[in-house]
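Have a look at the structure below before the remarks.
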Amino acid sequence: MIEGKISELSKATHSNSKELKFGNHTSLGDVLSKTVDLESKVWQRYYQRIKDILPKYQNTLQEDLDMLEKDDKENHLTVNERNIINVRATEKQIIKLNMEYA
């Protein structure tokens, strides 16, 4: 979506700003084109980095949620154990959400 809008802006400014110089680039369109390429590479790298984090956890998100649900019924975890599982599950949820947005 944003790439499409940047591309439209790039095309519009490229044709209207041939006399302008932007560093080593000849137009704002060139700058925007390079910016889109760089942003795309950054998002790809970010996605790969966060995707590599999940397998490093001993348990899956579902296993953590199951442990918490079981504790709700049986009350077998200490407060610290429950907090650790909550933090770990929240980290995994954040990672998964970031993967969806990347």
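Selection over the range 51-82 of residues that are touching a residue at least 40 places away in the same chain (Cβ under 8 Å) and among the aliphatic types (A, V, I, L, M) gives a count of 2. Listed by first and then second residue, the pairs linking a residue in the range 83-102 that is of a type in the set (A, V, I, L, M) to a residue that is surrounded by fewer than 13 Cβ atoms within 10 Å (Cβ to Cβ), with Cβ atoms under 6 Å apart and 6 or more places separating them unless they lie on different chains, are Ala102/Trp43. Out of everything in the range 71-98 that is surrounded by fewer than 14 Cβ atoms within 10 Å (Cβ to Cβ) and either of a type in the set (Val, Ile, Thr) or outside the structural domain of Leu61 (by TED's automatic domain parsing) (or both), what residue ends up being farthest from the chain's Cα centre (by Cα)? Ranking the candidates gives Thr78 first.
Can you find even one residue in the range 55-66 that is assigned by TED's automatic domain parsing to the domain that holds Tyr101, of a type in the set (A, V, I, L, M, F, W, C), part of a helix (DSSP H, G or I) and surrounded by 12 or more Cβ atoms within 10 Å (Cβ to Cβ)? The answer is yes, given that some residue of the range 55-66 is assigned by TED's automatic domain parsing to the domain that holds Tyr101, of a type in the set (A, V, I, L, M, F, W, C), part of a helix (DSSP H, G or I) and surrounded by 12 or more Cβ atoms within 10 Å (Cβ to Cβ). The residues listed here are Tyr57, Tyr46; of these, the one that is modelled with pLDDT of 90 or more, closer than 16 Å to Ala102 by Cβ and among the aromatic types (Phe, Trp, Tyr) is Tyr46.
The values are calculated or read from the model by the stated rules, or taken from the named source; none is laboratory data. A quick note: this is a predicted structure, and the numbers were derived from the prediction, not measured. When we count neighbours, we look across all protein chains shown, and the Cβ atoms used for this are built from the backbone with ideal geometry, even at glycine.
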